[in-house]
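Chemist: Can you keep this structure in mind? I'll have questions shortly.
The values are calculated or read from the model by the stated rules, or taken from the named source; none is laboratory data. Everything numeric here is computed off the predicted structure, so don't read it as measured data. Neighbour counts are summed over all protein chains in view; Cβ atoms, including those assigned to glycine, are modelled from backbone coordinates with ideal geometry. The protein model used for the area step is the full one, side chains on, heavy atoms only, and it has no ligands, DNA or RNA in it. Shrake-Rupley method; radii C 1.70, N 1.55, O 1.52, S 1.80 Å.
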Amino acid sequence: MPLFEEEFTVNGTTETLWDFLLDPTRLAPCLPGCESIEVEDATTYRVRLTIKVGFLSTTQNLRITITEAERPRHLVSVGRGEDRKLASQVEVRSTLDLEPVSPTATRVRYRSEVRVLGRLGAVGDAVMRVKASQLASEFAANVRAAVGRPA
């Protein structure tokens with residue numbers, strides 16, 4: 001499984017950032033390609049993402065479940081989705097850790113293990129890594145900008 005790890009710092013306390021990350025209406029605009037997030041229950045979400053990877057465009061309907069939550073520092077989620085049109089499936093396990101770096105700033109570290117099957121998986125690891133890095137940078141910039149906005 002390809003492994004993606006990223007780290008960035010956000011102005012805000014760990015509590016503020018935790019609340020932001022668990023608020024689907026505030027988080028959705030920060031997720032590159034996110035078309036919708038629906039809440040099934042307190043730990044399960046349905047997310048629809050459309051992303052161009054290499055020469056393919058994929059729309060993934062993901063079901064994401066939070067499997068561990070230690071407020072306000074640690075979160076683990078698993079997600080599974082598919083794009084029937086491309087006959088592709090995605091499985092992802094993500095770990096998110098928040099660490100205060102000052103009274104007003106928080107370091108965000110996340111790690112995602114991604115498994116891609118089907119036509120999308122044929123794109124290749126190098127292309128996937130470049131795209132993942134691009135999406136991570138976009139997400140970090142979006143979160144930094146959004147955390148400062150009122151709810």
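Chemist: Starting from the 7 Å offset along Cα-to-Cβ, what nm value, one decimal, do you get for the label separation of residue 91 and residue 138?
Modeler: 2.6 nm
Chemist: Give me the one-decimal nm value for the distance between modelled label points at residue 127 and residue 56, 7 Å along each residue's Cα-to-Cβ direction.
Modeler: Between residue 127 and residue 56, the label points sit 0.8 nm apart.
Chemist: Taking only C-alpha pairs under 8 Å that are 6+ residues apart, what is the relative contact order of region 1-140 in percent? Write down the numbers at each step before the final one.
Modeler: On the way: 283 pairs, mean separation 37.9, N = 140.
Relative contact order of region 1-140: 27 percent.
Chemist: Considering only protein heavy atoms and a 1.4 Å probe, what is the carbon-and-sulfur percentage of the accessible area of the chain? Provide the component values of the computation, followed by the final result.
Modeler: Working: 4380 of 8380 Å².
Carbon and sulfur: 52 percent of the exposed surface of the chain.
Chemist: Name the residue farthest towards the positive end of the dipole of region 29-151 from the options 96, 120, 146, assuming +1 on Cβ of Lys and Arg, -1 on Cβ of Asp and Glu, about the Cα centre.
Modeler: 120
Chemist: Determine the per residue accessible area of the chain with all protein chains present and a 1.4 angstrom probe, expressed in square angstrom. Present the calculation step by step, with values, prior to reporting the outcome.
Modeler: Details: 8380 Å² over 151 residues.
Per-residue accessible area for the chain comes out at 56 Å².
Chemist: Exactly which chymotrypsin sites (Phe, Trp or Tyr not before Pro) in region 1-101 are in a DSSP loop and have at most 13 other Cβ atoms within 10 Å? Could you put the intermediate results ahead of the total?
Modeler: Values: sites: 4, 8, 18, 20, 45, 55; in loops: 55.
Qualifying residues, ordered by number: 55.
Chemist: Let me ask another. Once ligands and nucleic acids are excluded and a 1.4 Å probe is used, how much of residue 78 is accessible, expressed in Å² to the nearest 10?
Modeler: Ignoring ligands and nucleic acids, residue 78 comes out at about 40 Å².
Chemist: What is the magnitude of the charge dipole of region 53-116 about its Cα centre, with +1 placed on the Cβ of each Lys and Arg, -1 on the Cβ of each Asp and Glu, and no other charges, expressed in debye to the nearest 20? Each step should come with its number before you reach the end.
Modeler: Working: 11 positive and 8 negative charges, 18 e Å.
Dipole size: approximately 80 debye.
Chemist: Out of all DSSP beta bridges in the chain, what portion is antiparallel? Express it as a percent rounded to 5.
Modeler: Numbers: 58 of 58 bridges.
Around 100 percent antiparallel, to the nearest 5.
Chemist: Moving on. Among all stretches of the chain without exposed trypsin sites (Lys or Arg not before Pro) (DSSP loop, at most 15 other Cβ atoms within 10 Å), which one is longest? Before the final figure, lay out each step's value.
Modeler: Working: sites that count: 73, 84, 85, 119.
Of all site-free stretches, the longest is 1-72.
Chemist: For the chain, what is the calculated [θ] at 222 nm in deg cm²/dmol (nearest 500), taking -39500 (n - 2.57) for each run of four or more DSSP H residues and dividing by its residue count? Before the final figure, lay out each step's value.
Modeler: Numbers: 3 runs with 35 residues, N = 151.
The helix contribution divided over the chain gives -7000 deg cm²/dmol.
Chemist: Contact order normalised by length for region 30-89, with contacts defined as Cα pairs under 8 Å and 6 or more residues apart; what percent is it? Please list the in-between numbers first.
Modeler: On the way: 106 pairs, mean separation 13.7, N = 60.
Answer for region 30-89 is 23 percent.
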